[in-house]
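Here is the structure we will look at.
Rule-based calculations on the coordinates, nothing more; no lab input. Predicted, not measured: the structure shown is a model, and the values here were computed from it. Methodologically, a virtual Cβ is constructed for each residue, glycine included, from the backbone with ideal geometry; neighbour enumeration extends over all protein chains shown.
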Amino acid sequence: MDKPDEAAQGPNPVDRHVGLRIRMRRKELGISQERLAESIGLTFQQVQKYERAANRVSASKLWEMSRALSTSISYFYEGLGDPMETPGSNIPRETMQDFLLTAEGIELASLFPKITKSRVRRKVLDLVRAMAGEPDPVDS
């Protein structure tokens, strides 16, 4: 039996997650793709490819990236869960990652935690839920 064409399937979900975490950490620190690339001996286009998971990050480059971004290597894998467990979320991971790879997703993910009042955060969630046509889980 032939192996499905990997390009037709898209990037591996783990590569997408690692790319997302690279981008999130870089944005969190306010570092440009150019500056990150220069610090690890690459072009900014290569950093773009890593962030989009168009290219896989080698172990040595991930190690260099962790140093350049002042974080641990495990940071890039946080949120993946245990590979021996079946994911329990009803939200497809790909959809969440696709959103977080957009400029809006990055901005929302970085700004939302800055809302210090829990009541305001709840109201923002209620607004987004209403706009998405999703029922409030408290009412269910």
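With a cut-off of 14 Å between beta carbons, the residues surrounding ALA109 carry a summed charge of +2, where Lys and Arg count +1 and Asp and Glu -1. Placing a label point 7 Å from the Cα of ALA109 along the Cα-to-Cβ line, the residues of the range 44-72 whose backbone N sits under 14 Å from it are 51-53. If you plug the beta carbon distance of GLN9 and PHE44 into 1/(1 + (r/R0)^6) with R0 = 41 Å, you get a FRET efficiency near 0.95.
Taking Cβ atoms as reference points and 14 Å as the exclusive limit, the residues near LEU127 contribute a net charge of +2, counting Lys and Arg as +1 and Asp and Glu as -1.
Between VAL120 and PHE99, the simple spin-label model (points 7 angstrom out along Cα→Cβ) gives 2.2 nm.
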